[in-house]
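What follows is a short report on a single structure.
The values are calculated or read from the model by the stated rules, or taken from the named source; none is laboratory data. Please read these numbers as outputs of a predicted model, since none were measured by experiment. Backbone-built Cβ (ideal geometry, glycine too); neighbour counts: all protein chains shown.
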Amino acid sequence: SWIPKVIKKKTCSTFLEDTTSHLEDTTSHLEDTTSHLEDTTSHLEDTTSHLEDTTSHRKQPLCQCGYPKVRHNPVATEDNFGAAIVSRWNTAEHTTEEPTDAFGDVEFFGKGRLHGKFVRLSSDTDPAIVYTLITHFWGIPPPNLVVSVVGGEGDLKMKTWLKDILRRGLVKAAQSTGAWIMTSGLQVGIGKYVGQAVRDHATANTRSNAKVVAMGIAPWGIVYEKDRLVNPKGSFPVQYTVGGDRGAEHALDDNYSAFLLVDDGTNNRMGGEIQFQARLEEHILTQRTGIGGRGSIEIPVLCMLIQGGPKMLQVEKIFENRHLVTVYNADLDGTEEFDTMILKALFKACKKQSTNAQAYLDELKLAVAWSRVDIANSQLFNGEILWKSCDLEDPMTAALMNNKPEFVKLFIDNGLNVAEYLSYQRLEELYSSVAGNSLLNTFLQKKKKEWRSLQGKDSMLPPDSPRVDGSHRSYTLLEVLKVLKDLMGDFCEPVYGQLFKPSGDRNNDLLLKPQELPYQMRKSPTPWTDLFIWAVLQSWNEMATYFWEMGGESVSSGLVACRILREMARYQPEAEGAKVMKEMASNFAQLSLDVFSQCYRHNERRAFRLLVRSCPQWGRATCLQLATEADAWNFLAHDGVQALLNQIWWGEMDRNTSIWKLCLAFFCPPFIYSRLIKFSSSTEEKVAEKTASDLDSVDGDLLLQPSEVPCDSEADIRTSGCRRPFWMIRWKQFWGAPVISFVGNVIMYFAFLFLFAYVLIMDLPLESPSTMELVLYFWVLTLALEEVRQTFFVSMNIPMKKKVKLYYQDMWNKCDVLAILMFVAGVVCRMFISWFNLGRVLLCLDFMVFSFRLVHIFAVHKELGPKIIIVGKMIKDVFFFLFFLGVWLMAYGVATQGILYHTETRVSWIFRRVFYRPYLQIFGQIPLGELDAAHFNSKCTDNLTTSPDGELSPCTNAYANWLVILLLTIFLLVANILLVNLLIAMFSYTFNKVQEKSDIYWKFQRYNLIVEYHQRPAFAPPFIILSHIHIFIKRNIRKVPTVKGTLFRADLSEAVASRLMTWEAVQKENYLVSRNKIKRESNMERLKRTAQKVDSVLSYITDIREHDRRLKLLEKQVDYCTEALTWLAESLLQSDVIRNSRAPPTFAGPSSAKDSKP
């Protein structure tokens, strides 16, 4: 261990005999031994020998250091000349330092798992080494305050109210402020009562974060049974037992977390630790608060004196500055507010007569460190101090780093300008301050290592700067950018991407370089969003919620937070942390839903525009896309979202149109122009009904300008506008609706399956393909072309690799690819006569895959949609069931096969009897002729090699046939009753779980289906080839851009988008006001307000008591003055010094004055 190499102990190097204390020690020892002899008469011989040994030990001379001569080394005892010229022993001159021999963990016997750290150290040890040992190697968090408790030692008797102060005041204050309590740590004096208070507090608070750090600093020479602690290699742990004999009062107290046993070379003497404790406290004064010492203020040290005399005041040097002394009166101040009194005492010590905010920064930072926003609000933000925005920047940073949302709100409410405060450099400092054990730090470290490994020696970013805590951990926005890109998905462009540019290496997108080296000095254009993302990545719920309330784009921001948190929960190794992240994700999804509900109630059309608006802040993603990626099913199931989907699904047609009318118009297009199908007015007519001035109104309907309305047909984009003939408009309105595309695909898909079945059953000749078979080939070709279009030509602005990745994320796309590949394989095999049967089998299996594809089509149905999800989840349950069934089935099958057919060598029959036969037995097919000896077949043979062509089956072994019957009974009992009922129970649980949210599941599936058919061409296969040719001509020959996606994505102009965001912000404020109103009216808030009023009344009563006390004191003084003046008047009357004919005045009370009036 490194501890003995750095930390030393002290030993006496010069023996100076102490002649004054030898007689007293011997006398007291003989008295103790005599009493011990009287109490143990039954052990006379042992006691006598003990007396002789002790007496011989006491005959040894005693050194002035307190140790006997035998405890000194030969060098110390042989220095007779030095001892002759020196008459008084001194620690500095007569001791030497050696490596410490007592350190490690101490386990208190009979106290369960109570452990404490301890070390024996020299009184001259450097306090910096000790502080590093405590905070870094012992794992004790650095303090925000050090309370040094001193008082009466020895047999101290403490009053009950003082014990309450220690238990309910001091210990609670230490726990709430993160303070260290320093005492002697022994079971004597004030240290014993502090230990009891710590014990009582730990018993009442079972939470792990309620632990109080109590530290004992005691002289090594007086510690009871200190020799038990000695081990040059360290004790991990050492068993420490406290006895009941005399001297046990100086035993270590098991309620302390750490013990610093100061060795000044003396034995049985107090006071050696005082100078060391003073130097340690001075060193702590130079340290800083906060996580890893990243705070902005030095740690204060407070001395608390309880029942001490003038000696204590002189030792602690308290009385040198009277303004530092604060008297605490429990009757007036109360024990529950002791931590407040400590903070007020520190404020009093630093109080200044000034209105300049700079003079109160230390007090403000101290209040931040202690999380006492109430004191800061009442003492520092009461209107007397003039705070500027620049004055609050450092406290704001401390509040952000240490997760103090109350102070963040306080600073912003009192004038802090966030836009001026948050620069990119400060944002990087915030990311660099994340806790080392957090998931965010793991992500950032990983990205930093990846970037450095790819960048190599050509690094353009500055190296890590040393930190206060000695580490070199610092992050830039480049690592943050990469983390956000992984968490937010490929659908969204990375945040902070505008600060960096590609390095030119197309093979690696991690190599980015800053566009401007001094970008850190720039102010963030979106400070609320940056702080919101920073808080979300650290899973700080209250902080992130506050920044969400203050920022813009509330709906999209909440969905982004939901997406990030759900992704982080997947990587969180701790179950509790993952649970917190999931709860936060649900909270932000609910906030987005509530704000959108408020918007939808106010204005439906603007709410629709809010859903499909392209958000530049989130990579041009829409709220619908964000909700899909975040799995915000409740959001997509909202009535407003479903109303928009209904509008897109039906297009310009009436939503109450019957399906048979759509089918009739599908097969007979002239009915489109009849009154069979009703259409709504065109977009041009809607826009004409609205004036452009409505766009300037926050309360009006937000519609696009006529020039911004997309045309219904790409072919009609001309400079003259979007005017078209009526028949063309009606044609586009019908065939452009996703419901028509869906109906057409369903009808044609049933026709495809009918054709496929006809070919397989009736028209699959061995020679050349038939006409119907060729039609089937062409039909499948059109299906394959549509899958190619969906893969490579739907999203044009992303790389090819990401297109394929997005395509294969959908399970039904994988099903389509499998069906087409199986069809191609079957057709290839079918063309060869030798492989014809194999091809036919492949095509038959492929028909099953194509039929299974029908399940996805029925997802649009409200009743069948949830059932599809139930079936999918039940399939997962079946796999778990099959595992148990397979184990049991194999065990039974192998056992019965080995007993009945030990001569069987045919592998196919072995597998049949091991797996297939037991499986059929579950459904009641029990072949008694193969299991029961009474029904065995006599025509069999034991030698299958002599049986011609295998006509005879092997004979069944009748030995232990009763065991086979028993195994069959047990197998059927377990399989049919236990396992089958287990499967039924699993199915019931899955059904009930999904059925409760069936409406939400259906609406989520419906959204995906509508998006899919909105992107599909109007015609269904095989006529879809015409749509493909039409699209190819327009996109590649005529170069006409598509505008079909505007229903799900709208790129608004800057002015319109600004008005829309303003309207959303107004609705968010209305929602927050209504939520706060409901919260204020809740019973919990009423109780809080009542408690505040009661506290105010108690404070008022306390003031009245103080005034009453002062009035009584003043009354006593007035009585004394009255008596003195009366005595003086009587004395003057009786003397001849003053002669006056008029009698002295007499006091007339109010009653007498009233009676004297006429």
Please specify each residue of the stretch 199-221 satisfying the condition of being at pLDDT below 85, part of a helix (DSSP H, G or I) and not polar (S, T, N, Q). R199, D200, H201, A202, A204, A210
Members of the stretch 124-153 found to be modelled with pLDDT of 90 or more and small (G, A, S), listed by number: A128
Restricting to the stretch 1079-1106, count the residues that are part of a helix (DSSP H, G or I) and loosely packed, with under 10 Cβ neighbours inside 10 Å. 2
Taking the conditions exactly as written (touching an Asp or Glu at 6+ places or on another chain (Cβ under 9 Å), farther than 24 Å from F667 by Cα and in the same structural domain as A819 (by TED's automatic domain parsing)), does L783 satisfy them or not? no
Subset of the stretch 274-313 (residues that are in a loop (DSSP other than H, G, I, E, B), more than 35 Å from the chain's Cα centre (by Cα) and at pLDDT 60 or above): Q307, G308
Identify the residue in the stretch 587-620 that is assigned to a helix (DSSP H, G or I) and modelled with pLDDT under 90 and, among all such residues, is surrounded by the most Cβ atoms within 10 Å (Cβ to Cβ). W618
E787 surrounded by fewer than 17 Cβ atoms within 10 Å (Cβ to Cβ) and closer than 23 Å to L1009 by Cβ: yes
Determine which member of the set S1131, S1141 is of a type outside the set (K, R), surrounded by 10 or more Cβ atoms within 10 Å (Cβ to Cβ) and modelled with pLDDT under 85. S1131
Residue identified as modelled with pLDDT of 85 or more and acidic (D, E) among E863, E786: E786
Tell me, which residue of the stretch 895-925 that is charged (D, E, K, R) and outside any loop (DSSP other than H, G, I, E, B) is nearest to T956 (Cα to Cα)? R913
From K867, K876, which residue is surrounded by 15 or more Cβ atoms within 10 Å (Cβ to Cβ) and assigned to a helix (DSSP H, G or I)? K867
Report the residue count in the stretch 998-1051 for those that are charged (D, E, K, R) and under 17 Å from F635 (Cβ atoms). 3
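Conditions tested, residue by residue: (1) free of Cβ contacts under 8 Å to residues at least 60 places away in the same chain; (2) within 19 Å of L636 (Cβ to Cβ).
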position: S554; (1), (2): no, yes
position: C562; (1), (2): no, yes
position: E567; (1), (2): no, yes
position: S586; (1), (2): yes, yes
position: N603; (1), (2): no, no
position: R609; (1), (2): no, yes
position: G619; (1), (2): no, no
Looking for something within 19 Å of L854 (Cα to Cα) and not aliphatic (A, V, I, L, M) - is there at least one such residue anywhere in the stretch 986-1002? yes
Selection count where residues are touching a Phe, Trp or Tyr at 6+ places or on another chain (Cβ under 8 Å), surrounded by fewer than 19 Cβ atoms within 10 Å (Cβ to Cβ) and in a helix (DSSP H, G or I), scope the stretch 376-404: 1
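Yes or no, residue by residue, for (1) touching an Asp or Glu at 6+ places or on another chain (Cβ under 6 Å); (2) part of a helix (DSSP H, G or I):
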site	(1), (2)
E406	no, yes
E420	no, yes
E428	no, yes
G436	no, no
L440	no, yes
F443	no, yes
K447	yes, yes
R452	no, yes
Answer yes or no as to whether I970 is of a type outside the set (S, T, N, Q), at pLDDT below 90 and assigned by TED's automatic domain parsing to the domain that holds G929. no
Those residues of the stretch 757-784 which are loosely packed, with under 12 Cβ neighbours inside 10 Å and aliphatic (A, V, I, L, M) amount to I761, M762, L766
Among R120, R168, the single one that is surrounded by 15 or more Cβ atoms within 10 Å (Cβ to Cβ) and modelled with pLDDT under 85 is R168
I need the full set of residues from the stretch 865-907 which are farther than 16 Å from A985 by Cα, free of Cβ contacts under 8 Å to residues at least 60 places away in the same chain and β-branched (V, I, T), in order please. V887, V894, T903, T905, V907
